[in-house]
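Heads up, the thing below is written out as structure tokens.
The values are calculated or read from the model by the stated rules, or taken from the named source; none is laboratory data. These numbers come from a predicted model, not from an experiment. Cβ placement follows ideal geometry from the backbone for every residue including glycine, while neighbour counts extend to all protein chains displayed. Ligands, DNA and RNA are stripped out before the accessible areas are found, and what is left, the full protein with its side chains, is counted by its heavy atoms. Shrake-Rupley method; radii C 1.70, N 1.55, O 1.52, S 1.80 Å.
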Amino acid sequence: ASNPRRNVLSRFRVSPADPDRADPGSETVLLDIPKPYGNHNGATLLFGPDRFLYVSIGDGGAGGDPHGNGQNLGTLLAKILRLDIDRSDGGRAYAIPADNPFVDLPGARGEIWAYGLRNVWRMSFDRDTGDLWAGDVGQDRWEEVDLVTRGGNYGWNLREGRHVFRPGRTGAPSIDPVVEYGRDAGACITGGYVYRGQRLTALRGAYVYADYVSGTVWALRAKRGEVVSHRIILRQPRNIASFGE
């Protein structure tokens, strides 16, 4: 949203007259997050196996995260949030789950589940394991696939992928991506899904993702966060903005 620029998370109810339509007059704003720049809007909304709502929020835009939002637990930008939208609490239209990692940390936002993420463009839960996979768009050189864990720090803007981005600066220990790829392979990752279907047996259990710019599609297998196999399964010229199940 604009004037002022911000990220808005809203809830709507289904129209009583048509189950395929939302009632535009039923809006409840859950979150209204100030946003300094116009880019990095890669939000994903999804419910986890725990029935809580997970939301990815970009770092606020511009280039290089000039306000240091990635490593700042006092802002919701550059984070993945975890919200209980079945309850309201503390004057909010939602509640913060009691087991969120930073609930009791002074100065931190309790909504945060993970941080240090530049601009997650699509994330998804593995239907079998419950693992949360994310594609995080890089700055200049590296795109990355992350396995997102409770309280995890994924390094931005001190690191881009596995590489130093802000020389001479240190922060909390960060988690390496499962895989990364450079600008020779693409320029904007599109996160996908772990395939759990029955038709394509060769893909079962593989995380399938793509690059928006190059159109390349990969299949990745990992065990306990370590890569078992990683291969290109399709090269095609079209932009891939999202996957579905």
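Does the range 120-136 contain at least one residue that is buried (at least 23 other Cβ atoms within 10 Å of the Cβ) and in a loop (DSSP other than H, G, I, E, B)?
Among the residues of the range 120-136, not one is buried (at least 23 other Cβ atoms within 10 Å of the Cβ) and in a loop (DSSP other than H, G, I, E, B), which makes the answer no.
If you go through the range 14-38, how many residues are open to solvent by 40 Å² or more (accessible area, probe 1.4 Å), touching a strand residue (DSSP E or B) at 6+ places or on another chain (Cβ under 7 Å) and assigned to a loop (DSSP other than H, G, I, E, B)? Quick ask: steps written out before the conclusion?
Just the residues of the range 14-38 that are open to solvent by 40 Å² or more (accessible area, probe 1.4 Å), to begin with: 14, 16-25, 27-29, 32, 34, 36-38.
Then drop every residue that is not touching a strand residue (DSSP E or B) at 6+ places or on another chain (Cβ under 7 Å), which leaves 14, 21-23, 27-29, 32, 34.
Now restrict to residues that are assigned to a loop (DSSP other than H, G, I, E, B): 23, 27.
The total comes to 2.
If a residue has to be more than 19 Å from Arg122 (Cα to Cα) and of a type in the set (Gly, Ala, Ser) to count, how many in the range 186-213 make the cut?
Start the filter on the range 186-213 by keeping residues that are more than 19 Å from Arg122 (Cα to Cα), which leaves 197-204.
After this cut, where a residue has to be of a type in the set (Gly, Ala, Ser) as well, the list is 197, 202.
Adding up the residues that qualify gives 2.
Of the numbered conditions (1) modelled with pLDDT of 95 or more; (2) at positive phi; (3) open to solvent by 20 Å² or more (accessible area, probe 1.4 Å), Gly61 satisfies every one except a single condition; which is it?
Single failed check for Gly61: (3).
Would you mention how many residues in the range 80-114 are open to solvent by 30 Å² or more (accessible area, probe 1.4 Å) and of a type in the set (Val, Ile, Thr)?
3
Give all pairs with beta carbons closer than 8 Å in which a residue from the range 84-111 that is at positive phi meets a residue that is not aliphatic (A, V, I, L, M); count only pairs at least 6 apart in sequence or on separate chains.
That search, which allows pairs on different chains as well, returns Gly107/Gly74.
Is it the case that Arg82 is within 18 Å of the chain's Cα centre (by Cα) and part of a loop (DSSP other than H, G, I, E, B)? Full working, then the answer.
Values: within 18 Å of the chain's Cα centre (by Cα): yes; part of a loop (DSSP other than H, G, I, E, B): no.
So Arg82 fails the test.
Scan the range 185-221 for residues that are β-branched (Val, Ile, Thr) and surrounded by fewer than 17 Cβ atoms within 10 Å (Cβ to Cβ) and jot them down. Before you say what the answer is, go through the steps one by one.
Going residue by residue through the range 185-221, those that are β-branched (Val, Ile, Thr) are 189-190, 194, 201, 208, 213, 216-217.
Listed by number, the residues that qualify are Thr201, Val213.
Between residues in the range 164-184 that are open to solvent by 70 Å² or more (accessible area, probe 1.4 Å) and residues that are hydroxyl-bearing (Ser, Thr, Tyr), which pairs lie under 9 Å by C-beta distance while being six or more apart or on different chains?
Asp176/Tyr154
Name the single residue that is modelled with the lowest pLDDT among those in the range 220-241 being outside any strand (DSSP E or B) and of a type outside the set (D, E, K, R).
Gly225
Cβ-Cβ distance below 8 Å, separation of 6 or more or different chains: which pairs start in the range 29-48 with a residue that is without any contact (Cβ under 8 Å) to a residue 12 or more places away in the chain and end on one that is loosely packed, with under 13 Cβ neighbours inside 10 Å and not in a strand (DSSP E or B)?
none
Suppose we keep only residues that are of a type in the set (A, V, I, L, M) and surrounded by 18 or more Cβ atoms within 10 Å (Cβ to Cβ) within the range 44-58. Which one would you say is farthest from the chain's Cα centre (by Cα)? Can you show your working first?
Going residue by residue through the range 44-58, those that are of a type in the set (A, V, I, L, M) are 45-46, 53, 55, 57.
When the remaining residues are screened for being surrounded by 18 or more Cβ atoms within 10 Å (Cβ to Cβ), the result is 53, 55, 57.
Details: Leu53: 12, Val55: 7, Ile57: 7 Å.
Result: Leu53.
Among (1) open to solvent by 60 Å² or more (accessible area, probe 1.4 Å); (2) more than 19 Å from Glu180 (Cβ to Cβ); (3) at pLDDT 95 or above, which single condition is Arg141 missing?
Looking at each condition in turn, Arg141 falls short on (2).
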